[in-house]
1. Can you tell me which residue in the range 56-95 is farthest from the chain's Cα centre (by Cα), limited to those that are farther than 21 Å from Ile46 by Cβ and hydrophobic (A, V, I, L, M, F, W, C)?
2. (1) within 30 Å of Ala90 (Cα to Cα); (2) modelled with pLDDT of 80 or more; (3) loosely packed, with under 13 Cβ neighbours inside 10 Å: which one isn't true of Gln54, the others all being true?
3. Which count do you get for residues in the range 19-51 that are exposed (fewer than 11 other Cβ atoms within 10 Å of the Cβ) and out of contact with any strand residue (DSSP E or B) (no Cβ under 7 Å at 6 or more places or on another chain)?
4. In the range 30-60, what residues are basic (Lys, Arg) and touching a residue at least 24 places away in the same chain (Cβ under 8 Å)?
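The values are calculated or read from the model by the stated rules, or taken from the named source; none is laboratory data. These numbers were taken from a predicted model, which means no experiment stands behind them. Here the Cβ positions follow ideal geometry from the backbone for every residue, glycine too, while neighbour counts run over all protein chains shown.
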Amino acid sequence: MSIPKLIDILGFGQIKGRDGQIHVLSTESYKAWLTARTVLPQRPKIQLDLEKAQRINDELATSPNQSDHARKLGMDRTSLIRRPNLIRLAPAIKD
């Protein structure tokens, strides 16, 4: 005589609450709890700076008036001039 296998068709998830107690949640509640706590990875600052440098470089190619572009972007003219230099970085640094 074999023992029948019991299959759990209802999904549950366990979490530890703020009070230190273990709570059992339904599958939907557990997924919602996990989703709310998932931290998306942020891109490195160098990549964001490189994209901004590329946009500035493209804008300066269409209209070379650096003072107007600097005012529009909320930065001083020297920062505007230095930012596109990031494009010339070595590929190993960019990645």
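1. Here the answer is Ala61.
2. Result: Gln54 fails condition (3) only.
3. Qualifying residue count, the range 19-51: 14.
4. Step one: of the range 30-60, the residues basic (Lys, Arg) are 31, 37, 43, 45, 52, 55.
Selection gives Lys52 alone.
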